[in-house]
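Structure, as structure tokens:
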Amino acid sequence: MGRIALAAKITHVPSLLLSERPGPLHGLRNDAIASLKEIGRRANQRGVDTFLVFDTHWLSNFGFHLNANARHKGVYTSHEAPHMIQNLTYDLPGNPELAEAIAAEAQKSGVPVLAHRVPTLALEYGTIVPMHYMNADGGKAVVAAAAPLFASVDENRRFGDAARRAIEASDATVAVLASGSLSHKLVNNESVGDAQWSVVSSEFNRQMDLRVLELWGSRRYDEFVRMLPEYCTKCSGEGLMADTAMLFGLLGWNQYAGEAEQLCEYFPSSGSGQVTVEFHVAN
Ligand SMILES: [Fe+2]
């Protein structure tokens, strides 16, 4: 039987990469980079063979999609921020069987999901950046899931729930990553510059993010999932926080009772609020 060995909400911001280069940001994201490497270390330690990534940079206009390619290989330059992510190479195995099993399981519960084996369907940076730190040797398979822009929170919950059932019925040992921000009101263009790295663009958003971390830290998940439909819209959720709704759907929604372990300090990046948190699951 398959199992979920690790589940986490993670950051993927381009400033992680910038902080590795010489310059004014050098070292700024060491804490967050360490959190991603720690997730990779834990995945290794627990025998994970596949990362399932709910990727808020793969935005779908029409329904749910999985990248079921047998191999993900390319050189990535971000069209959103080409000066920040440039010529990042990746070469990672896929897990077509798991992707197709998730799609089939979701279909059974009325969530239409397509799993694609299309070699020109590339990964996006919500997957590529974390894999750069967690799966640098390409030893583990990757399945990416798109964030459907016009799906309801409940559809995303049901997708996550179906993903759990499919994983449990598979022979895979999986780390599931919700790759996306907390609040995500990016800085105005006029504010782009040195200051963009150090301030959450809305104090309201920052306070809501901190409250969410408090709720998670005290395992008040029932309250969190009840606020999620408003949190994801009022705090400008990245991909409307589809990743988070999927992750909590997978964990059991308001029935989840595990420990939330924060692996780096909450930090601002380009106006958004960022963090890495592992949600512990019983194994
Ligand atoms: Fe992002």
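The values are calculated or read from the model by the stated rules, or taken from the named source; none is laboratory data. Computed from a predicted model, the values in this text were never measured in an experiment. Cβ coordinates were reconstructed from backbone atoms using ideal geometry, including for glycine residues, and neighbour counts include every protein chain displayed. These accessible areas exclude ligands, DNA and RNA; they are computed on the full protein's heavy atoms, side chains included. Shrake-Rupley method; radii C 1.70, N 1.55, O 1.52, S 1.80 Å.
Descriptive notes on the structure:
- Among (1) modelled with pLDDT under 95; (2) open to solvent by 30 Å² or more (accessible area, probe 1.4 Å); (3) hydrophobic (A, V, I, L, M, F, W, C) - the single one Ala81 does not satisfy: (2)
- Within segment 202-227, being open to solvent by 50 Å² or more (accessible area, probe 1.4 Å) and of a type in the set (Ser, Thr, Tyr) holds for one residue alone: Ser218.
- For segment 241-283, the set of residues classified as in contact with a Gly (Cβ under 7 Å, 6 or more places away or on another chain) and among the charged types (D, E, K, R) consists of Asp243 only.
- Only one entry of Leu36, Leu52, Leu25, Leu16 meets the criterion of being over 28 Å from Ala172 (Cβ atoms) and either open to solvent by less than 10 Å² (accessible area, probe 1.4 Å) or at pLDDT below 95 (or both), and that entry is Leu25.
- Residue check for Thr276: touching a helix residue (DSSP H, G or I) at 6+ places or on another chain (Cβ under 6 Å) and of a type in the set (Val, Ile, Thr): yes
- Taken together, Ala136, Ala163 contain a single residue that is under 25 Å from Asp91 (Cα atoms), away from the ligand (no atom under 16 Å from the Cβ) and open to solvent by less than 10 Å² (accessible area, probe 1.4 Å), which is Ala163.
- Top-ranked residue in segment 171-196 [being in a strand (DSSP E or B) and more than 16 Å from the ligand (Cβ to nearest atom); ranked as most open to solvent (accessible area, probe 1.4 Å)]: Thr173
- Helices (runs of 4 or more DSSP H) fully within segment 2-121 counting 1 or more residues that are away from the ligand (no atom under 16 Å from the Cβ) and among the charged types (D, E, K, R): 30-45, 96-108
- Residue within segment 224-236 that is touching a residue at least 40 places away in the same chain (Cβ under 8 Å) and more than 26 Å from Ala144 (Cα to Cα) present: no
Results for (1) open to solvent by less than 40 Å² (accessible area, probe 1.4 Å); (2) out of contact with any helix residue (DSSP H, G or I) (no Cβ under 8 Å at 6 or more places or on another chain), shown as yes or no for each residue.
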residue	(1), (2)
Ser60	yes, yes
Val75	no, yes
Pro96	yes, yes
Glu100	no, yes
Ala106	yes, no
Pro112	no, no
Val129	yes, no
Ala144	yes, no
Ala147	yes, no
